[in-house]
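Have a look at the structure below before the remarks.
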Amino acid sequence: MADDSARIWGFYHQEIATRNATMADVLNVSKREALGTSNTRRLRKTGQIPAILYGHGKECINLTIPSNEVESVIRHGTKVVDIVGAASDSVLINEIQWDPMGLEILHVDLTRVSADETVLVTIIVELRGEAPGIKQGGVVDHQLHEIEIECPAGEIPDRLSVSINKLELGDTIAAGDIEIPLSAKLMTPNDQILVQCVEPTEDITDEEGAESQEPEIIGRKAEGEEDAGE
């Protein structure tokens, strides 16, 4: 199994390298001259997102990127892209700032990188399959949706998949159990729980407290009470 795993990851690395060399996402960037909050708001209304480019000891450049291009990169899960226009570089999407509701992209940080440069990145973890523990009365509790790894910029996976086909009731899968690229180093603690199959929790209802009582109607005579005028 170990040899098979190594061979699979070897093919995976080759595929990643080929894809990055021939199918890299491209962002068209323009230089941003007007700074400040009001200018930034006007910029977003025109479909542009403010960004900053830095790294490799070069000057920081304030840029703008079409929002639809940034959204496309996010959907693909791409971490390293090429930028063209006001600047030409291979860059790592280092940070994306969202509005409080998580609906609108406010700002993007771009870091210059080379393909063989080691970078720290956060990778989405997806669950695949069906846990047999569900048929045993359990529920799947997906606790950790992302992990941190260090790896060459040219070999960053878009996301990682974890099979739960052998997850029995009471079993757990920790971050250290995830298969990651051979060139990568896991930075998330090995014992941090990624997913587990547990018994469902039940809300215990106090039946006595749940019993409804007939509300008192103000102005209604008590049973047996005589009218004062009689």
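Brief remarks on what is shown
- Of all positions in the stretch 66-73, at least one carries a residue that is modelled with pLDDT of 80 or more and among the hydrophobic types (A, V, I, L, M, F, W, C).
- Residue within the stretch 137-146 that is outside any strand (DSSP E or B), more than 23 Å from the chain's Cα centre (by Cα) and assigned by TED's automatic domain parsing to the domain that holds GLN192 present: yes
- Answer from GLY133, GLY138, GLY170 - the residue that is exposed (fewer than 14 other Cβ atoms within 10 Å of the Cβ), in contact with a strand residue (DSSP E or B) (Cβ under 8 Å, 6 or more places away or on another chain) and farther than 30 Å from THR37 by Cα: GLY170
- Selection count, the stretch 88-132, where residues are outside the structural domain of LYS31 (by TED's automatic domain parsing) and over 27 Å from GLU155 (Cβ atoms): 3
- Tally of residues being touching a residue at least 40 places away in the same chain (Cβ under 8 Å) and closer than 17 Å to ILE74 by Cβ across the stretch 124-136: 2
- Hits in the stretch 147-167 - residues which are in a loop (DSSP other than H, G, I, E, B) and surrounded by fewer than 13 Cβ atoms within 10 Å (Cβ to Cβ): ASP158, ASN165, LYS166
- Candidates are the residues of the stretch 63-114 that are acidic (Asp, Glu) and assigned to a helix (DSSP H, G or I); the one that is farthest from the chain's Cα centre (by Cα) is GLU69.
The values are calculated or read from the model by the stated rules, or taken from the named source; none is laboratory data. The structure presented is a predicted model; accordingly, all values stated were derived computationally and were not measured. Every residue, glycine among them, receives a Cβ derived from its backbone with ideal geometry; neighbour counts consider all protein chains shown.
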